[in-house]
């Protein structure tokens, strides 16, 4: 049996569906009568070479591009790789690092090359003056307040106060710093993300450098 992907009618239908056109709209676009196009799409009629040239040129396509759709439509969709990775939080599966301003606990430490890095962070800084300069690193991050109140200082924005149950999503390459507001300390859950699979190492290195400089 002939492959129905190769019929002229199928190729015309692919173009029409790709552009979300009705047969009437396509007819107006290419200058071929509606009744003719309907029969061609149903494989009850064909087009002369001249008419086919008219059809493709009206759509800004070459004849080769038009006919090549058959191959493209048969291509298998890209298969997503299932890594089946998982990690549980718990004792012994985190990396603690303390700095003058934050106490970090990097969660799910057994997973390498994470594109999302979950961190429990105890914020002890009381003022933006406690920082030599705001932190900057690759990617984006989401911070959710679990306990207490924090004030978020951002390079390009006025500072904002967040209470328990509130969060903020931000560009991590922008200077940012968190301070405890009207409380001894605050606890937040931060999730940092980046296309860089070495993000966790970068973040830990930054934290360790803060600790050494203290």
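Derivation of every value follows stated rules applied to the coordinates shown; laboratory data play no part. Because the structure is a prediction, the values reported are computed rather than measured. Using ideal geometry, Cβ is built from the backbone for each residue, glycine included, and neighbour counts are taken over all protein chains shown.
Where the centre of each part is set by its Cα atoms, how far does segment 26-48 sit from segment 135-214, in angstrom?
Cα centroid of segment 26-48 versus Cα centroid of segment 135-214: 61 Å apart.
Can you sort 156, 131, 55, 66 so the residue with the fewest Cβ neighbours within 10 Å comes first?
Values: 156 8, 131 17, 55 24, 66 20.
Fewest to most other Cβ atoms nearby, the residues stand as 156, 131, 66, 55.
Give me the angle, in degrees from 0 to 90, between the Cα long axis of helix 49-58 and the longest principal axis of the Cα atoms of the chain, rounded to the nearest 10.
Relative to the chain, helix 49-58 is tipped by roughly 30 degrees.
Okay, helix-only estimate at 222 nm for the chain: each DSSP H run of n ≥ 4 adds -39500 (n - 2.57), divide by all residues, round to 500 deg cm²/dmol; what do you get? Intermediate results must be reported in sequence, preceding the final value.
On the way: 6 runs with 64 residues, N = 214.
Mean residue ellipticity at 222 nm (helix-derived): -9000 deg cm²/dmol.
Arranged by the count of other C-beta atoms within 10 angstrom, fewest first, what order do 12, 97, 128 take?
Values: 12 24, 97 18, 128 13.
Fewest-to-most ranking of 12, 97, 128: 128, 97, 12.
What label, among [x] 20.4; [y] 22.1; [z] 18.7, belongs to Kirkwood radius over Cα pairs in Å computed from the structure on display?
[y]
With angles folded into 0 to 90 degrees, how steeply does helix 8-18 sit against the dominant principal axis of the chain? Use alpha carbons for both and round to 10.
Taking Cα atoms only, the helix is inclined about 30 degrees.
Which of 153, 137 has the fewest other C-beta atoms within 10 Å, and how do the rest follow up to the most? Write out the running numbers ahead of the final one.
Working: 153 19, 137 16.
By the 10 Å Cβ count, ascending: 137, 153.
Please check: in the Gaussian network model of the chain (C-alpha springs, under 10 Å), which one of 124, 16, 115 has the largest mean-square fluctuation.
16
Among 188, 143, 81, which one shows the highest mean-square fluctuation when the chain is modelled as a Gaussian network with alpha-carbon springs under 10 Å?
Looking only at 188, 143, 81, the largest GNM fluctuation is found for 81.
Before anything else, pin down the relative contact order of segment 4-74: Cα pairs under 8 Å, at least 6 apart, normalised by residue count, whole percent.
Details: 51 pairs, mean separation 26.6, N = 71.
Answer for segment 4-74 is 38 percent.
By its C-alpha gyration tensor, with a ≥ b ≥ c as the square roots of the eigenvalues, how is segment 94-213 shaped: rounded for a/c under 1.5, else prolate for a/b larger than b/c, else oblate?
Here segment 94-213 falls in the rounded category.
Among 132, 151, 141, which one shows the biggest mean-square fluctuation in a GNM of the chain, springs joining Cα atoms closer than 10 Å?
In the Gaussian network model the winner is 132.
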